[in-house]
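**Student:** The structure follows.
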Amino acid sequence: MEINVSLIKIKKLLGDHILEQGRFGRTEVQAIWIESKALKQVAEKLNSDPELLLNWLENLSVMEMDGNIILNYFLRSHATSASLILRVSLAPATSQSKVIVSTVTDVWAMAELFEAEIEDLFGVPFKDTPVVRSISTEFKFAPGSEGFPLRKSFRFSKGERNEVTS
């Protein structure tokens, strides 16, 4: 499927859910920004549409930028080789507060471990997750260190090293 044809199809399929659309960095892969409340609905449409069949979650990355948590869903189709990056921005009230978003594990099962890692390290719980899980990080964060270890606001206690548990 040609890139332009895909974009036309995606715009028709998702309509008002698209906030912004453009290339992802210097690649030819298209990225679309959507509202977080529409994530589950958009995921289901992208996965089930017979022309797109974006049925493989290749990666789910997360970053913090300007106090917002950005989720990037790297999607691909086994059938058509089409690819798309779905982006969602979440705004925590404070640097210590959690922001909740819908899980997509029932759309793309491979999301489960990505979501578990994001919850533990960035404080983003996924609602309606089929099972309660944690990645159980190998590191014990020093006493007095509070928050989520991969957020920019996280501070390790001085003079203490993180110890690997056995």
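The values are calculated or read from the model by the stated rules, or taken from the named source; none is laboratory data. These figures come from a predicted structure and were not determined experimentally. Glycine also receives a Cβ, built like all others from the backbone with ideal geometry; neighbour counts cover every protein chain displayed.
**Student:** Which of the following residues is modelled with pLDDT under 95, among the aliphatic types (A, V, I, L, M) and under 15 Å from the mean Cα position of the chain (by Cα): Val62, Val5? Can you show your working first?
**Tutor:** Values: Val5 fails: under 15 Å from the mean Cα position of the chain (by Cα).
After ruling out the rest, the residue left standing is Val62.
**Student:** What about Ser61, is it closer than 23 Å to Glu112 by Cα and in contact (Cβ under 8 Å) with a residue 60 or more places away in the chain?
**Tutor:** Answer is no for this residue.
**Student:** Could you list, ordered by first residue, the pairs with Cβ atoms under 8 Å in which the first is in region 68-97 and farther than 24 Å from Lys37 by Cβ and the second is of a type in the set (D, E, K, R) and assigned to a strand (DSSP E or B), at least 6 apart or interchain?
**Tutor:** Listed pairs, sorted by first residue: Arg76/Glu58; Ala82/Arg76; Ser83/Glu58; Ser83/Arg76.
**Student:** Just one of the numbered conditions (1) in contact with a Ser or Thr (Cβ under 6 Å, 6 or more places away or on another chain); (2) modelled with pLDDT under 90; (3) assigned to a strand (DSSP E or B) is not true of Gly22; which one?
**Tutor:** Failed condition: (1).
**Student:** Additional query: Can you pull out every residue in region 101-125 that is in a loop (DSSP other than H, G, I, E, B) and at pLDDT 90 or above?
**Tutor:** Thr103, Val104, Thr105, Asp106, Val107, Trp108, Ala109, Met110
**Student:** Does any residue of region 75-84 turn out to be at pLDDT 95 or above and surrounded by fewer than 21 Cβ atoms within 10 Å (Cβ to Cβ)?
**Tutor:** no
**Student:** A further question on this structure: Within region 13-47, track down each residue that is touching a helix residue (DSSP H, G or I) at 6+ places or on another chain (Cβ under 8 Å), farther than 24 Å from Ser81 by Cβ and either of a type in the set (S, T, N, Q) or surrounded by fewer than 16 Cβ atoms within 10 Å (Cβ to Cβ) (or both).
**Tutor:** Glu35, Gln41
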